[in-house]
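To start, the structure itself, in structure tokens.
The values are calculated or read from the model by the stated rules, or taken from the named source; none is laboratory data. What you see is a predicted model; the values in this text were computed from it and never measured. Neighbour counts run over all protein chains shown; Cβ positions are idealised from the backbone, glycine included.
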Amino acid sequence: MSNRTKVNLALGLPRDGFFKAGLIVAVLQGLSAVALLGVSAWLISRAAEVNSIVYLGLAIVGVRGFAVGRATFRYVERLLLHESAFRMLGERRPQIFAKLAPFIPAGLSKQSRGEIIARIVNDVDELQNLPLRVISPLVQAVAVASLSVVFVFALLPAAGLALLLSLLLGFTVAIPISAKFSRISDETIAPLKSRLSEQSLDILENQELYLAFGWMNTRRNALAATHRKLRKALAKTAVSNGFGLSLFSLLTTVAMISGAWFGGHAVELDAVPGAQLAVFMLLPMAIFEIAQSAQPAASAFRKFQVSASRINELLTRVVPPELEIAAGNEVFSEFQSLELSNVSITYPDSHQPVVAGFNLRLLPGEVIILSGPSGAGKSSVALALCRLLNLSAGTYELNNRPVANFSLDSVRSRIGLVEQNPMIFIGNLRANLLFAKPEANDSELIEILSSVGLWQMFANRDGLDTELGDRGVLVSGGEAQRLALARAILAGFKVLILDEPTANVDRETADGLLHELLRVANADDRAVVLITHEARYKSLANREIRL
Amino acid sequence: MLGSAATVTIAWSTSFFISQVFIEHEPVNSLLFCFWWLAIGGLAKALVIWLQEFFATRAAAAVKLELRGKLFDAINKLGPGWLAERSVAEINLLATSGLDSLEPYFAKYLPQLIYTAMVTPIFVGIIWLSDFSSGVTLLVTLPLIPLFMILIGWATRSIQDKQLQALTLLSRHFLEVLRGLTTLKIFRRVDAQKETLSRVSKEHRVRTMKVLRVTFLSGFALELIASLAVALIAVSIGLRLLNGDLTLGVGLFVLLLAPEAYLPLRQVGAQFHASAEGVAASSGILDIIDEAQTGKEQQAKSTFGHHSFKSAALNVVSGPSGIGKSTIFNNLLGFGGGKPVFELDDVAWMPQVSKLFAGTVAENIAGPNVPTDQKLLAEVMRLAALDDLVPTQVVGPSGTQVSGGQAQRICLARTFYRAKANHCLYLLLDEPISALDEARASQVIESIQSLVKDGVTVVAISHQDSLMNVAEHFIEVQGVE
């Protein structure tokens, strides 16, 4: 077993009692199915030769019991395995969240962040396939098959060996062959599917353009061509998949014929009781049906490996020095001054500093504009100020003491950022404010909302219970900024960094919004760093620093 | 059909062989033909399994191709005005994975339904003829399967919906927490959130398991009915064999066929659940297609009808922001859902939002997969002041990022190219120079004026003084009533 596989198994395999119990019940379920057919066959054969029900009593009870067992065990097995899979996922999510925390935001580029996060969420969901679709069908198939082989071998060694041989052929030839074919076609299908999605998105996004310029047919034809390629690839998968299935069906017949051959001869020679002949012939049908259910395990395992490897890569990633924030034990409480001198900032995996030789001094109540073209490193300075990114050179002092003397928690409780795209969480307005200050009461929240000019709008809806985010009220760019500012004030920040607060707002409303935000942010002697690329706000600040 | 014939052959030769050897004490060597029949039946069955898989997938792919075509026809018929009110990402999801989720319905459920309808009566008939009493058992228990499915389906419908929600909610919550990590860090909530995540995961697990306990019941009921019926038949055959009412051959034959008679119906049940989710997920596709078919031609909400413009002149449309000046162009082009006022062939239009698709600058100007007139391309790039990009440069989603100004000039060049190549009568420009510096803006204005001299009627929406100053005709838009 490769090291990668070992690590991945450790990640996706539940180790709790539910899982073990689930596996045991799965084996019992398989055995019940086999026993149901075996005992039925024996019962009927035996009934033909004896003349009293006394000989059949136990078999009749057995048939009924196994029939109920087959269905009941399946039900219990599914519940147990799902319970353990969900428990495993419940452990993984916080683990991955904590591991990812140091890398966000500065460790993942803005463009790829959304995609990477979406993939992680998907990958975590995929982990449940290991216990549910790989391990449990495999354990069930192997355990049931081996126990059945032992049983048949005990009755008639030749028939047992023949059964073993055909089962081995199934496990070592049919499953790997169909796994290989399906891997090849999966590799062609995934890129075709993403191409199809790209093309269809392109048509939708540029619909008016293509319609107005007469290019729609060309685009539609290209989409249809990709679909036809995909259809061919899917047909190939079906062929390989069907090949595996039909090989199993063939092996079932082979096992039945060999059971008939050896069993028939043994009955002829009176080596075994005649009633067992039916068992030799019918048992393989039930055994192969269970063995066959392990067939998709190979392709499920491959998909699991891809997801688990990606997660493991993340979990083993070393936090780069740029993101390893040094901090001391002192508590930073009263903000008196903030000073950056001769500061350089470099992102992880980059050799070029985004900011070099930068100086900034900030006192309570001051407003400073940080301006410059996009890409000049304005947002990087904001991250460094909040200690979300280390300096690669220069000093950062608070109250004339090195920032690293203070605890991270206390620095972040005083210096806060109002992001360009603040996250509005799914939930109500109250929840979206309370996480900034969990102990705040409703009247405090309403007061702050009024001060940022938001309360009127929500009072007309459901007040603090208004649902926000994806499924609730969509908040416009300006409203999101006001809400984020309300959160920042609630949190008690003394230094507020506003990162391009008007970036997502029409030009007409931008000026009014900015004036208002600044007025509220600057109140109570709070210091404000306003990041903007607009030259026209210069008059609102004490100083402007250009990057 | 071949498949069920193969199943019957296998069952018959198996039971015949056993009864001959066991009861009649025939030597195995005189029964070799049974082995041949078994082999033939086995081969035929394997072949059928193979073909079934192949044809089902092919048929599903063909259906998907057709549906996707219809969906895009419908979206184009409904037009950009309709699309603008919806999330493009969501519709794309419908057109891709939404269609894929229909696959179980077309590739598995429908064929299984047809197969079941054909095969089940045959099996029942054969068993009936072989052993009357087993046939009766079968006839009584078979209808129980769909009956239970319907009953359980009713009982669990609301729970099924909740299950879908519960499962997706947890992933969504996780996604959101990861996306909002920066915000959480700023507000020092990372550790608290880690605990919340554990708690929410646990709550969801408890809720989901409650739901699954009910959901799995339907599978349980299906399996229980089928296996109890087999047990019932086996015991009754055994008892009648005991009395000598039945021969072993017939008994075994019926025992082997009975599960096969249940199997198709059970699979319909299993596939029904798998495909129901897909059908629910993709119901949006059919809704869109229906909407396009039933949708009447809407009356164009034109605010422009009252205004006239001067032909072969530079007309500038102005008015306060946010009253929908762009809608005027949309209505002229028929994109608002109404009939186009202009023939699309006569118009070269430049939308307000610069749209670039993945491809070279040249493709973005002259069109995808069409022969490019190199001389005209060079000319329009000059007219659009596109002096800082080469035609072979790849732009758009997968290419180099271009600035807003560059994108706008590519769109200008595209519009000029069409106007010149198609000898368009009208040039509709929506904020053509809003992202350009002064020098380039005046270069573009000159180009527009040269087109006017060639006899093209230009209508431009603009706020810029530099363009308003050279306008030959003004159209003031006040507001939409």
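Observations on the model:
- Set B:L248, B:L178, B:L232, B:L255: member being closer than 30 Å to A:F73 by Cα and facing chain A (nearest Cβ under 7 Å): B:L255
- In the range A:358-466, counting only strands (runs of 3 or more DSSP E) that sit wholly within it, the ones holding 3 or more residues that are within 14 Å of chain B (Cβ to nearest Cβ), buried (at least 22 other Cβ atoms within 10 Å of the Cβ) and touching a residue at least 12 places away in the same chain (Cβ under 8 Å) span A:415-418.
- Taking the listed residues A:A278, A:A260, A:A271, A:A266, the one that is out of contact with any Pro (no Cβ under 7 Å at 6 or more places or on another chain), in a loop (DSSP other than H, G, I, E, B) and closer than 19 Å to B:F22 by Cβ is A:A271, with no other qualifying.
- Pair list, Cβ under 7 Å, 6 or more apart: the range B:186-206 residue more than 7 Å from chain A (Cβ to nearest Cβ), other residue not hydrophobic (A, V, I, L, M, F, W, C): B:V200/B:H173
- In the range B:60-87, the residues that are without any contact (Cβ under 8 Å) to a residue 12 or more places away in the chain reach residues that are among the basic types (K, R) and assigned to a helix (DSSP H, G or I) with C-beta atoms within less than 6 angstrom, at least six apart or across chains, in these pairs: B:A61/A:R231.
The rows are residues; the columns are (1) crowded, with 23+ Cβ neighbours inside 10 Å; (2) within 41 Å of the chain's Cα centre (by Cα).
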site	(1), (2)
A:L211	no, yes
A:L230	no, yes
A:G242	yes, yes
A:V254	no, no
A:G263	yes, no
A:V267	no, no
A:V279	yes, no
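- Checking each residue in the range B:110-160 for being surrounded by fewer than 13 Cβ atoms within 10 Å (Cβ to Cβ), under 35 Å from the mean Cα position of the chain (by Cα) and farther than 17 Å from B:G219 by Cβ picks out B:I114, B:A117, B:M118, B:P143, B:S158.
- Taken as a whole, the range A:218-225 holds at least one residue that is assigned by TED's automatic domain parsing to the domain that holds A:V34, out of contact with any helix residue (DSSP H, G or I) (no Cβ under 7 Å at 6 or more places or on another chain), polar (S, T, N, Q) and in a helix (DSSP H, G or I).
- Residue match in the range B:197-209 (condition: in the same structural domain as B:L94 (by TED's automatic domain parsing), modelled with pLDDT under 90, more than 31 Å from the chain's Cα centre (by Cα) and surrounded by 21 or more Cβ atoms within 10 Å (Cβ to Cβ)): yes
- The residues of the range A:65-79 that are over 16 Å from B:V235 (Cβ atoms) and within 7 Å of another protein chain (Cβ to nearest Cβ), listed by number, are A:A71, A:R74, A:Y75, A:R78, A:L79.
- Residue match in the range B:440-454 (condition: among the acidic types (D, E), over 34 Å from the mean Cα position of the chain (by Cα) and surrounded by fewer than 16 Cβ atoms within 10 Å (Cβ to Cβ)): yes
- Taking the criterion of being among the small types (G, A, S), facing another protein chain (nearest Cβ under 9 Å) and farther than 13 Å from A:L163 by Cα, the residues of the range A:232-277 that qualify are A:A235, A:A238, A:G242, A:S246, A:S249, A:G264, A:G274, A:A275.
- Only one of A:G22, A:G38, A:G30 that is at pLDDT 90 or above, surrounded by 21 or more Cβ atoms within 10 Å (Cβ to Cβ) and in contact with a His (Cβ under 9 Å, 6 or more places away or on another chain): A:G22
- Residues of the range B:347-362 satisfying the condition of being outside any strand (DSSP E or B), more than 14 Å from B:L429 (Cα to Cα) and either touching a residue at least 60 places away in the same chain (Cβ under 8 Å) or out of contact with any Asp or Glu (no Cβ under 6 Å at 6 or more places or on another chain) (or both): B:L356, B:A358, B:V361, B:A362
- Hits in the range A:185-211 - residues which are in contact (Cβ under 8 Å) with a residue 24 or more places away in the chain and of a type in the set (V, I, T): A:T188, A:I189
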